[in-house]
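The structure appears right after this line, and notes come after that.
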Amino acid sequence: MKNSPVRPGAISRRFRAPCVRVWQLAWPMILSNITVPLLGAVDTAVLGHLSSPEYLSGVAIGASVISMLLWAFGFLRMGTTGLVARANDDADGAAWLLRALCLAGVLGSLLLLLASPLLPVIVQWMNASAEASPHAHAYLQIRLLSAPLALANFALLGFFIGRLDSRAPLAILVTANLLNIVLDLLLILGLGMGAQGAAWASVCADVCGFAMGLWLMGKRHQPAVTQIRRVLLESNFWPWRNAAPWRELLHINADLFVRTCLLLFTLTFFTAQGAAQGDTVLAANAILLQLLMMTSYALDGFAHATESLVGRAVGRRSMAQFVRTNAAAGTWALTSAVLITLLLIGGEHWILPLFTNIPAVLSASLEYYTWLCALPLVAVWSYQLDGVFIGAGKSRQMRDTMIIATVMVFLPCWWLTRHWGNDGIWFSLFLWFGARSCGLMVYFYNYTKNNHWMSLELR
């Protein structure tokens, strides 16, 4: 009997369904990501209206330090998402969440204990002025108090995304950031607490985010909560009785930690090289880099959706679901990157004036603006394929690609193009994104060709 032909309408429906599913998961994450720069803008505006600029400078330095410290532990979100997405039942997913929360508690406590005595040295390294240093130190001392909860929030967000629930992270981040904004106004402007008020507002937001995450778990994922209670009573859960899952958790997170540290190094090095060329170039690069980060917030929404859907496909050993997910998510991501590029090109003369009205800085920003317009089309695949490899649990490949891109592409390129001035560092960043995208594409092609995505060995 001959195989009946596949109708075009059936193919369309097969593609349309995963596209809709990807969008349903992605749009709450995109909105969640938008709250991050919004909060920073409000903090800057509130502190910028105080009588002295030293408050703004101190908090800017302190916030930069704490953001880098916490961002370095962002692997807790990524690693938890993939592990929970691949879990076969509620008990397995609950166990992974508990392990991630334990790891977050330990790392957060170590960060609090080890970083606190080093704060004076850290503030000095940041070249804070004599007036801003006390405010930066006070801000950091207070912010570190919530480090364990801030890292635990990463694990909770990873759990929700892994369970295909992107609206819970939206609710958590929007609520916590709105509370932060209200407390900024109350503590800074109302009570005159300055930098300490900004720090306490952020600490309260971390506490609120964690409490709301627990509440949403009970409301939206009751079976997992029930399993958490049962898992805690099982002696087999703890590492001294069953070390294999804990080793897998540590291996995945160690790979992601190395990757994140190299990412932070590259962006910090980029900023430092711009600073070496003068305040005007530094300010121009800061504006363009902020715009680049804003594009990544949108594109990361599709990467987050990919993490959970790919993890679900791998957990169920469904190659068909894996292919449909990547086709749909890749289409959304590429379309978004093209639209962002067109928006940047068309809005060149009204976007940049929103960030500065200083003629010299505006002129320098326009000079290097072409690099910004070109980057989304290259960077989109590094974001999107990160989502694929996180979902599939292939963290070692992400680590190796980042090492190659940073050590063998970015740094040598910067060294060879130093005489190009600021164009050299932008060209190096362009190649860095391109190397990450190409490296992950090579891994993706080989794994697909050899059917390794569904392998039991996830690393």
Inset, instruction - Go through (1) closer than 25 Å to Leu216 by Cα; (2) open to solvent by less than 40 Å² (accessible area, probe 1.4 Å); (3) modelled with pLDDT under 90 and name the single condition Leu140 misses. - result: (1)
Inset, instruction - Go through the range 270-288 and give me each residue that's assigned to a helix (DSSP H, G or I) and either open to solvent by 40 Å² or more (accessible area, probe 1.4 Å) or among the β-branched types (Val, Ile, Thr) (or both). - result: Thr271, Ala272, Gln273, Ala275, Asp279, Thr280, Val281, Leu282, Ala286, Ile287
Legend entry - Within the range 298-323, tally of residues that are within 21 Å of Leu170 (Cα to Cα) and either among the small types (Gly, Ala, Ser) or without any contact (Cβ under 8 Å) to a residue 12 or more places away in the chain (or both): 6
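Limited to the range 143-165, what total is found for residues that are charged (D, E, K, R) and open to solvent by 20 Å² or more (accessible area, probe 1.4 Å)?
Step one: list which residues in the range 143-165 are charged (D, E, K, R), which gives 143, 163, 165.
Subsequent filtering for residues that are open to solvent by 20 Å² or more (accessible area, probe 1.4 Å) retains 143, 163.
Count: 2.
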Legend entry - Residue check for Leu292: in a helix (DSSP H, G or I) and more than 26 Å from Gly79 (Cβ to Cβ): no
Inset, instruction - Just give me the residues in the range 70-90 being surrounded by fewer than 24 Cβ atoms within 10 Å (Cβ to Cβ), modelled with pLDDT of 80 or more and of a type in the set (D, E, K, R), in sequence order. - result: Arg86
Inset, instruction - At least 1 residues that are touching a residue at least 60 places away in the same chain (Cβ under 8 Å) and under 24 Å from Phe75 (Cβ atoms) in each: list the helices (runs of 4 or more DSSP H) lying fully within the range 113-219 that qualify. - result: 133-143, 147-162, 167-184
Inset, instruction - Write out, first by first residue and then by second, each pair whose Cβ atoms fall under 8 Å of each other, whose residues are 6+ apart or on separate chains, and whose first residue, in the range 232-250, is surrounded by 12 or more Cβ atoms within 10 Å (Cβ to Cβ) while the second is modelled with pLDDT of 80 or more and among the small types (Gly, Ala, Ser). - result: Phe237/Ala95; Pro245/Ala95; Leu249/Gly79; Leu249/Ala100
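Looking at the range 413-428, can you tell me whether even one residue there is within 21 Å of Gly330 (Cβ to Cβ) and touching a residue at least 24 places away in the same chain (Cβ under 8 Å)?
The initial filter retains those residues of the range 413-428 that are within 21 Å of Gly330 (Cβ to Cβ), namely none.
The answer is no; no qualifying residue exists.
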Inset, instruction - Can you confirm whether the range 138-157 contains a residue that is under 20 Å from Val59 (Cβ atoms), aliphatic (A, V, I, L, M) and more than 25 Å from the chain's Cα centre (by Cα)? - result: yes
Inset, instruction - State all residues of the range 402-425 that are of a type outside the set (Gly, Ala, Ser), open to solvent by less than 10 Å² (accessible area, probe 1.4 Å) and at pLDDT 95 or above; if no residue qualifies, say none. - result: Met402, Thr406, Phe410
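Out of all the residues in the range 337-372, which are closer than 18 Å to Gly274 by Cβ, assigned to a helix (DSSP H, G or I) and open to solvent by less than 40 Å² (accessible area, probe 1.4 Å)?
Initially, the range 337-372 is screened for residues closer than 18 Å to Gly274 by Cβ, giving 352, 355-356, 358, 360-372.
Within this subset, residues satisfying the condition of being assigned to a helix (DSSP H, G or I) are 352, 360-367, 369-372.
Hits for the range 337-372 are Leu352, Val361, Ala364, Ser365, Tyr369, Leu372.
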Legend entry - Selection within the range 432-455 - more than 17 Å from Arg259 (Cα to Cα) and free of Cβ contacts under 8 Å to residues at least 60 places away in the same chain: Val442, Phe444, Tyr445, Asn446, Tyr447, Thr448, Lys449, Asn450, His452, Ser455
Inset, instruction - Kindly provide the set of residues from the range 183-225 that are open to solvent by 70 Å² or more (accessible area, probe 1.4 Å) and of a type in the set (S, T, N, Q), ordered by number. - result: Gln196, Gln222
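The values are calculated or read from the model by the stated rules, or taken from the named source; none is laboratory data. The structure presented is a predicted model; accordingly, all values stated were derived computationally and were not measured. Neighbour counts run over all protein chains shown; Cβ positions are idealised from the backbone, glycine included. When the accessible area is computed, the model is the full protein with side chains, heavy atoms only, and any ligands, DNA or RNA have been set aside. Shrake-Rupley method; radii C 1.70, N 1.55, O 1.52, S 1.80 Å.
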